[in-house]
Every structure is written in C-alpha cells, then in structure tokens.
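What follows is a short report on a single structure.
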Amino acid sequence: MDSYKLFINGEFVDARSGDTFESVDPGSGAVIAQVAKAGTADAEDAIGAARRAFDQGEWSGLAPDVRARRCYEFADQVAAQTLRLALMESMDSGQVIGLSKFWGMLASGTLRNLGYHAATKFPWEEEIPFSGNFLAPGREYIRREPIGVCVGIIPWNFPIAMASWKIAHAIVMGNTIVLKPASLTSITALIMAEAAQAAGIPPGVINVIPGSGAELGETLCTHPDVDKIAFTGSTVVGSDIMRMASGTVKKVTLELGGKSANIILDDADMELAVEGAIFGTFFHQGQVCESGTRVLVSGTIYDEFVERMHKRADQLQVGYQLLPTTHQGPLVSAGQLATVEGYVQVGIDEGAELVTGGRRVRPEGFEEGYYYAPTIFANVRNDMRIAQEEIFGPVVCLERFDTDEEAVAIANDSMYGLAGGVFSNNNARAERIARQVRTGTMWINNFHIFGDFAPFGGYKQSGVGREFGGSGLEEYTQVKRIHLSGAASLKANFQMVNIFSDDPRMDALQYKAPTNVIAGHGTLAGLPQAVVGLGCHRAMIMTDAGVTQAGLVTLVQNALCDFYVGVFDDIPSDSDLATVDAATAKARALGADCIVSVGGGSVIDTAKAVCVTLKNGGEVNDYMAYMRLTEPQTPHIAIPTTAGTGSEVTNVAVIHNTRLDRKVYIVDPNIIPNVAILDPRMTMGLPARLTAATGMDAITHAVEALTSTLAETVCDGQALHALRLMKEFLPRAVANGEDEQARIKVSVAACMAGWAFSTSQVGLAHSMAHTIGTLHHAHHGTVCGIVLPKVMRFNADHAADKLAMVAQALGVDITGLSDHDAALAAADAVEALMREIKHPMTLREIGVPEDALEADALHALADTATLFNARPVSDPADVLGLLREAF
Ligand SMILES: NC(=O)c1ccc[n+]([C@@H]2O[C@H](COP(=O)([O-])OP(=O)(O)OC[C@H]3O[C@@H](n4cnc5c(N)ncnc54)[C@H](O)[C@@H]3O)[C@@H](O)[C@H]2O)c1
C-alpha cells in the first residue's frame with residue numbers, strides 16, 4: 001500500500017506524533033493508502049517554514065515574470081503527473097475517471113495562466129491620475145504587494161482543483177502557503193507537492209499538511225504569523241473560520257455553500273435545458289457547491305420537462321468510478337451518504353413528490369461503495385428545507401414559476417448566492433434575468449463552466465471575495481499607497497504648518513502659468529492665428545447681453561473670419577450651472593472645436609466650464625471638483641472686457657449653484673485658458689462704475705495673494721507690480737474710459753493679479769464676496785472692494801510685512817512706521833483709492849440687508865477661500881464683526 005508524508009519546508013516528513021490515517025476508496029470501501037496525519041506541532045512547523053520563506057524574499061522578492069517562469073516549470077511537473085493524479089483522484093474521492101483525467105492538464109493550465117496574468121496584466125504599480133493636490137503636491141501611486149503567509153483549507157469534492165487553485169493564486173502573487181487538504185482526500189495535493197519539489201520551488205513556499213480540520217483549524221486560523229486564509233467548504237465552517245481569524249485580523253476569502261437556481265424559461269431549447277439541468281445537478285454526484293439544485297421551470301413547459309428529466313436521470317449509469325461506462329460514481333463517504341438519505345426523507349415528509357431515485361445503489365462487485373441514485377423531487381415549494389439547505393448529493397428540486405419576475409424572486413429567496421443558470425433562446429431576456437439574480441456567477445445556456453480569467457465567488461452566505469482573474473489575484477495582495485511629497489521641507493507642508501504652527505505661512509515656489517497672453521492695441525487681429533495655433537477651425541463665441549450691446553461681439557466675429565461658427569450670448573452675471581449646460585449643448589450642435597469667450601469673469605468662467613463638458617460629456621455639475629482632470633480640455637481663447645477678474649489666466653471657474661445658493665468651483669490647471677487677448681479696444685467702453693468695481697476685484701486678488709499662507713516669491717512680485725499699476729492707472733481708466741494707455745495697463749495688472757492668486761490663493765475678503773455676491777446678487781468686485789480694507793486690518797498682525805509692502809506699492813511713505821502701522825496705512829490707502837474712483841464704501845449702499853449679516857458670516861466661513869487667509873479664521877463672530885464694520 002502506498003504511504004504519503006507531510007510536505008513541510010521542501011521535505012516530506014512524518015507527523016511529529018507519528019500518527020497516520022487511512023485513505024479509503026469510496027467506490028469499493030478498500031483502504032488505498034496510509035497518510036501522515038498532521039497535528040498542531042506540524043501546523044506550527046509549516047507556518048514557521050512559510051513565514052521564513054516569505055520573509056527571506058527568495059520567492060516574494062522575485063519579479064512577477066521571473067516567478068511566472070518558475071511556475072511554468074512547476075506546471076510542467078504537474079502535467080507530467082497527469083495519469084497518476086487522475087487515478088489517485090478517482091480512487092481517493094470517487095470522481096469518475098472521465099473527469100479526473102483532465103485535472104493534470106487543468107491544474108497545470110491554471111498555474112500557467114495565473115502566472116501569466118500576474119506577470120503581464122496585473123497592475124502591480126499604478127500612478128493615481130489627477131491634476132495634483134495644491135495643498136500637498138507630490139506623486140501618489142499604489143503598489144500591490146504580496147500579502148504574506150497564506151493558509152488554504154480545502155474540501156474533499158475536487159481535491160486537485162482546490163489544491164491547484166489555492167496554491168496557484170498564492171504563489172504567482174509572491175506569497176507562501178500552508179495547504180490543508182481534506183483528510184478524506186489528501187493524496188493528490190501531496191502529489192502536487194512532489195511536482196513543486198521537482199520544479200525547485202524554494203523550501204517553505206508550498207507546504208501541505210493533511211489532517212483533521214477540527215484539530216488544525218484553530219492553529220491555522222489564529223496563528224499570528226498567518227496573514228491570509230482562503231477557505232473553500234461549508235458556510236458553517238466558513239463562518240467559524242472568519243470568527244477565529246478575526247482575533248488577529250487576517251484577510252479572509254471564503255468560497256462556501258450554495259443552493260443555486262437553474263431557471264428554465266418557456267422558450268428554452270428543451271433538449272439542451274434538460275441536459276443542462278441533469279449536468280447542473282448530477283455532475284460529480286451533486287457534490288459541487290455551485291450545483292443548480294433548484295431547477296425552476298416555467299409552468300407552460302413544466303410537465304413535459306419533468307417527464308424528460310425523469311427519463312434522462314434514469315439513463316445515468318451509477319457505478320464504480322474507474323469504469324469507462326460510469327456516469328455517476330460513489331459519494332465520498334458513508335457519512336455523506338447518510339446525510340443525503342436523511343434529506344431525501346425530509347423531502348418526502350415535507351410533501352414533495354419523489355419522481356425518481358431516493359435510494360441507494362449497490363453495483364455488482366462494489367456493494368460496499370457509497371452509491372446513491374440520481375433523485376428528482378417535483379412540486380417542491382421554495383420554503384421547504386430541501387429547497388433551502390445544501391444537500392451535497394445527487395438530489396434535485398423542481399419548482400414551478402409563471403413569470404420571469406417570479407423566477408427571479410424564487411431564485412433570490414435563498415441565504416446563498418453562489419451561482420445559477422438561465423436557459424432560453426432569447427439572450428436579451430436571459431441576460432435581464434441573470435442581472436437580477438443575486439449570485440456571483442450566472443451561466444446562460446450552460447452550467448459548471450470555469451475560466452482562469454473569470455472571477456468566481458459568492459454573494460450573501462456563499463462567500464467573501466473571488467478566485468481567478470484580476471479580482472482573484474488581487475485577493476492575494478495588499479494595496480500600499482505611497483505619497484511622495486513634492487518638497488521635503490516643513491515650510492512647504494501646508495497641513496503641518498497650518499494646523500500646528502502659529503505662523504501658518506508657506507515658503508515654497510510652485511508656479512505654473514500656461515496661458516499665452518497677447519496684449520496691446522490691435523491684438524484682436526491675432527485671433528485667427530490663435531485659433532489655428534490650437535489646431536482648431538470652428539470657434540463658438542461665448543458672451544453676455546451687455547458685451548453684445550457694447551458692440552464687442554461683432555468686432556470679435558469679424559476678427560474670427562471663417563472660423564466663426566456661432567455665438568452663445570445668454571450668460572447672466574454670476575453665471576449658473578444650467579447656463580453652462582445650455583452653452584455646451586449649443587457648442588455641440590454647432591460642432592465647435594474651440595471656445596472664444598468675450599466678457600468679464602462671468603463669461604470667462606462659464607466658458608472654462610463649457611470646455612470641460614464639451615470635452616468629457618455629461619453635465620457640468622459632474623465636474624464641480626478640485627484637481628480631478630488629467631488632460632487638456634477643449635481649447636479656450638479668452639478676451640476679457642472688464643478691468644479685473646484675471647480669470648483669463650487662472651485655474652478656477654466660479655459658477656453659481658442656484659439649488660444650493662452657493663458659488664461652487666472647478667479648480668484645476670487643465671481649465672486655464674490657452675490664450676488671452678488683451679486688446680484695449682475691448683475695455684474702452686466699460687462704464688466707470690464697472691471699471692472701478694472690477695479694478696477692485698483685481699486689487700483684492702493682489703492683496704490677498706500677497707498675504708495668503710501659500711504666498712510665494714513669483715506671485716509676490718506679480719501682485720506688487722499689479723498694485724503699482726492699479727494705483728497709477730485705475731483712476732485714469734475710471735476718469736476717462738477712452739484712455740488707451742490706462743486701459744491696457746489695468747488689463748495687464750488684472751492679469752498679473754490673476755497669475756498671483758492662481759498659485760497663492762485668496763482669503764477672507766473673497767469668502768465674503770462669494771457669499772454676498774450669491775445671496776444678495778451683489779457685484780463680486782464691488783463687495784471685494786468694500787470688505788478688503790476691513791480684512792486687511794483684521795490680518796494686520798499676521799501679515800504685517802506683506803501689508804507694509806502693499807502700502808509702499810500704493811504710494812504710502814512708510815519710513816519710520818512699524819510693520820503693524822504700515823499695514824494699517826495700507827488699508828487706509830485702499831480706502832483712499834476707492835474714494836478716488838468713487839467706489840461704494842459700505843454694504844448698506846449696495847443694498848445688502850442688515851439682518852442678513854449673521855447668516856452671511858456663517859456662509860462665508862464655509863467658503864474654501866478662508867483656508868488660506870493670513871490670520872486663521874474659525875470664529876463666526878470675527879466674520880460677523882467685519883461684516884458689521886463694512887455695513
Ligand atoms: N475665475 C476667476 O479667476 C475669477 C476671478 C475673479 C472673479 N471671478 C468671477 O467673475 C464674476 C465677476 O466677473 P466681472 O467682474 O468681470 O463681471 P461680469 O462678467 O459679471 O460682468 C459684469 C457686467 O459688465 C458687463 N460688461 C462686461 N464688459 C463690458 C464692456 N466692455 N462694456 C460694457 N459692459 C461690459 C457685462 O455685460 C455684465 O453685465 C464673478 O462671478 C466672480 O466670482 C472669477
């Protein structure tokens with residue numbers, strides 16, 4: 001008689017206790033082999049070997065393609081054992097030879113296919129694509145790493161399949177494994193261990209320890225050196241394993257029981273459906289977790305179906321598993337036979353109709369084997385125990401249904417959700433049903449089909465996790481996220497500095513200004529060149545009524561020549577999401593390939609958002625997000641017509657969400673316009689009031705960029721020069737709109753302030769302007785101006801040096817002043833400039849109601865711009881105080 005030993009650390013060894021058990025041929029009752037029986041000490045040895053092997057890295061440290069090649073060698077050694085594997089599988093487990101003869105090839109194929117997938121398709125490393133993170137710039141990526149020591153605990157129904165699945169998944173992904181086969185059927189797993197040894201798989205990578213689950217389970221599932229457990233077996237044991245593994249928080253995948261529904265529709269091919277139901281149930285004596293043991297049959301074909309299935313079942317030859325004429329071999333053990341007999345009695349007692357079978361079979365010469373006849377129960381109700389509990393034998397329940405919905409409801413009325421089938425000549429109808437059944441696999445016009453690249457596993461109490469394909473391999477890895485900071489300096493770390501430091505100022509330079517700015521008299525003529533330069537030839541103009549009335553659209557249309565395809569001129573002040581969607585629809589209808597925005601911030605921001613929806617489809621609300629885009633959007637040429645937003649060069653689009661009554665943003669470097677044309681002709685007609693208001697917006701950008709916690713040198717330079725230009729030229733532009741030199745200087749200053757805040761961000765004054773602009777329909781720049789001096793004084797002690805520079809840029813002689821006093825003088829200088837340009841000085845003047853200030857303060861606090869304010873703002877009373885002052 002053959003004898004088999006444990007396989008631990010690359011060697012075949014006796015159990016430390018010296019214990020063995022006998023393996024019995026269930027078809028004859030004869031003892032076929034003596035197998036060493038592992039105990040706790042052997043399990044610990046195996047875990048220790050697997051741990052050492054993993055930690056030493058001889059296997060886990062290999063590149064996946066090198067490991068795959070070693071697995072191909074292992075696969076060849078398994079294939080070389082095909083005949084021996086087939087015979088031993090049949091004799092050990094009762095599997096018919098017609099099936100077991102395939103396993104050498106299939107197991108070897110699984111090793112090769114999963115190895116190949118791991119080496120060529122599996123995403124071991126992935127960059128996380130996004131525009132970046134302006135608070136914490138750097139590289140983000142993930143690595144998938146082997147998980148460590150895996151334990152595989154497998155059942156007796158498909159010993160080679162289960163052993164090869166567990167071993168292949170674990171080792172191709174770089175793990176080591178301790179495999180515990182079922183004690184009833186452990187021989188072929190040990191033959192696979194021989195193949196691994198012959199292939200030179202390093203010691204400890206694969207360990208096989210036959211033994212009793214009850215004795216070894218605890219050690220295997222609670223040992224701190226085990227990282228993952230993969231179990232195939234009953235739901236009761238699976239749930240125990242999960243409980244045991246929870247103590248050391250192991251990763252667990254479970255492939256458990258099932259009571260799968262095989263749905264036969266009235267339009268099914270009758271011959272195929274009958275065979276599908278027979279194969280779905282009686283394959284391997286019904287000892288298959290995914291068996292279709294509930295056959296749901298349409299009422300219109302039910303009687304005929306029962307009759308034909310009965311006839312087919314009676315034709316199946318039950319006999320010794322090695323005889324070539326046998327269809328159905330023995331059950332695995334006397335115990336399993338008793339379980340099946342018990343359930344058949346339950347079915348009879350519950351009132352189901354026993355159509356055929358329901359008895360033991362004693363083939364001549366093999367009377368001691370555990371054979372049972374294919375058994376059909378008809379008129380089964382789904383609430384009967386035989387329809388709810390897994391029998392794991394050749395017993396099928398036939399249930400009747402009338403509508404597809406009813407079939408789905410019956411199929412789903414189960415604690416299990418492993419698999420199922422639909423037989424129909426209408427693929428669409430079958431797929432509709434397949435999608436509604438809550439199981440891990442649905443076969444249409446087929447059953448019991450597996451594939452190395454197709455995931456298998458259960459819903460509900462049929463399991464956790466998947467085997468096979470990318471999903472299966474992923475279960476054998478850990479995901480590690482690596483954040484590689486873009487700057488290794490405390491002063492470049494926004495979060496640390498902002499939360500833990502009393503001086504939340506950053507000191508880092510990160511500057512991006514991709515817009516091609518063309519400024520000067522007559523530059524509008526360069527528009528066609530800009531369009532072709534972007535590879536475009538169908539430009540849609542976006543604008544608003546005021547700009548159109550000012551005659552500016554006609555100028556642009558004429559400049560565009562043949563590239564003009566249409567105009568969308570329906571943009572309100574502080575544009576909203578619906579406007580973006582309407583403009584996108586028009587651009588699509590016109591087949592526009594680029595956008596030319598002509599107007600103030602409302603127009604340019606709307607156009608930025610349109611460029612996103614035009615490129616990506618869907619509605620703009622889908623894209624209101626920070627730093628999500630990963631590539632350039634639809635080309636955009638911006639032609640500003642007001643004096644201040646700078647939006648033509650910034651990375652932000654501010655849009656009104658009317659449902660929330662809040663301004664919402666896309667912030668992303670990919671929405672920065674490609675080209676900005678600053679032609680003074682476009683702003684010369686802007687009324688004085690709007691020139692002053694939009695100019696104050698630019699001044700606010702410059703001041704807040706300078707004082708922001710993210711302020712940096714390039715932006716400081718731009719902001720300061722923008723302030724100097726504004727101080728000198730804004731009053732001139734307001735006084736005389738036709739002053740071309742003043743107009744161009746103001747436009748360039750606004751653009752520089754835009755560049756500055758695009759990187760440095762703004763602060764509390766903007767939070768207030770966003771809020772009051774939205775809630776009280778006040779002009780953005782106007783509110784910016786009114787609140788700016790108040791916010792400057794509030795920030796005085798937190799950004800005194802920067803505000804002192806502001807004072808100088810605005811022409812204040814700060815000689816002899818402390819920084820603090822200079823900061824206050826800067827605020828005074830802003831107010832003086834406002835008076836000079838006849839800008840409103842209070843919120844009252846522009847119609848903001850006093851009783852709204854409290855709500856406005858809360859609203860403003862929630863605006864993201866407060867994040868970057870020089871002085872930390874978290875008390876609504878502070879904001880309210882400032883609003884009252886501004887009132
Ligand atoms: N994305 C950014 O970087 C950014 C920066 C600042 C402000 N904004 C946003 O921009 C919006 C404010 O923009 P705005 O201040 O330019 O105002 P706006 O675009 O709302 O225009 C105000 C009014 O001026 C009229 N107008 C514009 N140009 C004209 C001209 N040359 N002659 C006559 N009338 C003209 C318009 O028709 C409109 O009625 C706000 O929604 C604000 O939140 C965005």
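In table form, for the structure just shown:
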| quantity | calculated |
| --- | --- |
| Selection status of residue 285, part of a loop (DSSP other than H, G, I, E, B) and within 22 Å of residue 185 (Cα to Cα) | no |
| Test: residue in the stretch 862-878 that is modelled with pLDDT under 95, β-branched (Val, Ile, Thr) and in a loop (DSSP other than H, G, I, E, B) | yes |
| Residue within the stretch 31-42 that is touching a residue at least 12 places away in the same chain (Cβ under 8 Å) and surrounded by fewer than 15 Cβ atoms within 10 Å (Cβ to Cβ) present | yes |
| Test: residue in the stretch 228-235 that is surrounded by fewer than 24 Cβ atoms within 10 Å (Cβ to Cβ), out of contact with any His (no Cβ under 8 Å at 6 or more places or on another chain) and in a helix (DSSP H, G or I) | yes |
| Test: residue in the stretch 145-163 that is among the aliphatic types (A, V, I, L, M) and at pLDDT below 95 | no |
| Residue 224 open to solvent by 10 Å² or more (accessible area, probe 1.4 Å) and not small (Gly, Ala, Ser) | yes |
| Checklist (1) farther than 30 Å from residue 222 by Cβ; (2) crowded, with 20+ Cβ neighbours inside 10 Å; (3) charged (D, E, K, R) applied to residue 84, failing item | (2) |
| Test set (1) open to solvent by 50 Å² or more (accessible area, probe 1.4 Å); (2) over 25 Å from residue 501 (Cα atoms) - residue 840 fails condition number | (1) |
| Test: residue in the stretch 458-465 that is in contact with a Lys or Arg (Cβ under 8 Å, 6 or more places away or on another chain), at pLDDT 95 or above, over 30 Å from residue 683 (Cα atoms) and not acidic (Asp, Glu) | yes |
| Verdict on residue 562 being more than 14 Å from the ligand (Cβ to nearest atom) and acidic (Asp, Glu) | yes |
| Single condition residue 480 does not satisfy, out of (1) out of contact with any helix residue (DSSP H, G or I) (no Cβ under 6 Å at 6 or more places or on another chain); (2) open to solvent by less than 80 Å² (accessible area, probe 1.4 Å) | (2) |
| Residue match in the stretch 422-445 (condition: within 15 Å of residue 404 (Cα to Cα), in contact with a helix residue (DSSP H, G or I) (Cβ under 8 Å, 6 or more places away or on another chain) and among the small types (Gly, Ala, Ser)) | yes |
| Selected residue (criterion: nearest to the ligand (Cβ to nearest atom)) from residues of the stretch 665-683 that are under 17 Å from residue 751 (Cβ atoms) and assigned to a loop (DSSP other than H, G, I, E, B) | 683 |
| Count - residues of the stretch 524-552 that are surrounded by 20 or more Cβ atoms within 10 Å (Cβ to Cβ), within 16 Å of the ligand (Cβ to nearest atom) and part of a helix (DSSP H, G or I) | 4 |
| Residue pairs meeting the criteria (Cβ under 7 Å; at least 6 apart or on separate chains; first in contact (Cβ under 8 Å) with a residue 24 or more places away in the chain, in the stretch 383-396; second surrounded by fewer than 16 Cβ atoms within 10 Å (Cβ to Cβ) and of a type in the set (A, V, I, L, M)) | 385/346; 386/346 |
| Tabulated pairs, the stretch 468-483, first farther than 25 Å from residue 139 by Cβ, second of a type in the set (Ser, Thr, Tyr) and surrounded by 15 or more Cβ atoms within 10 Å (Cβ to Cβ), C-beta under 6 angstrom, 6+ apart or interchain | 475/253 |
| Selection count where residues are hydrophobic (A, V, I, L, M, F, W, C), over 35 Å from the mean Cα position of the chain (by Cα) and not in a helix (DSSP H, G or I), scope the stretch 176-200 | 3 |
| Residue match in the stretch 254-266 (condition: assigned to a strand (DSSP E or B) and under 30 Å from residue 146 (Cα atoms)) | yes |
| Single unsatisfied condition, residue 449 versus (1) closer than 29 Å to residue 115 by Cβ; (2) touching a Gly at 6+ places or on another chain (Cβ under 8 Å) | (2) |
| Filtered residue count, the stretch 288-305, keeping only those that are assigned to a helix (DSSP H, G or I) and open to solvent by less than 20 Å² (accessible area, probe 1.4 Å) | 2 |
| From 769, 722, 753, residue being assigned to a helix (DSSP H, G or I) and more than 11 Å from the ligand (Cβ to nearest atom) | 722 |
| Filter pass, residue 570 being among the acidic types (Asp, Glu), touching a helix residue (DSSP H, G or I) at 6+ places or on another chain (Cβ under 9 Å), surrounded by fewer than 24 Cβ atoms within 10 Å (Cβ to Cβ) and touching a residue at least 40 places away in the same chain (Cβ under 8 Å) | no |
| Candidates 829, 807, 822 - the one that is part of a helix (DSSP H, G or I), closer than 27 Å to residue 689 by Cα, open to solvent by less than 10 Å² (accessible area, probe 1.4 Å) and away from the ligand (no atom under 16 Å from the Cβ) | 807 |
| Verdict on residue 231 being of a type in the set (Phe, Trp, Tyr) and under 26 Å from residue 19 (Cβ atoms) | yes |
| Meets criteria (within 16 Å of the ligand (Cβ to nearest atom), farther than 15 Å from residue 699 by Cα, of a type outside the set (S, T, N, Q) and open to solvent by 10 Å² or more (accessible area, probe 1.4 Å)) for residue 775 | yes |
| Which listed residue is at pLDDT 95 or above and open to solvent by 20 Å² or more (accessible area, probe 1.4 Å), from 743, 732 | 732 |
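The values are calculated or read from the model by the stated rules, or taken from the named source; none is laboratory data. Just so you know, these numbers come straight off a predicted model, no measurement behind them. Cβ: placed from backbone, ideal geometry, glycine included. Neighbour counts: every protein chain shown. Ligands, DNA and RNA are stripped out before the accessible areas are found, and what is left, the full protein with its side chains, is counted by its heavy atoms. Shrake-Rupley method; radii C 1.70, N 1.55, O 1.52, S 1.80 Å.
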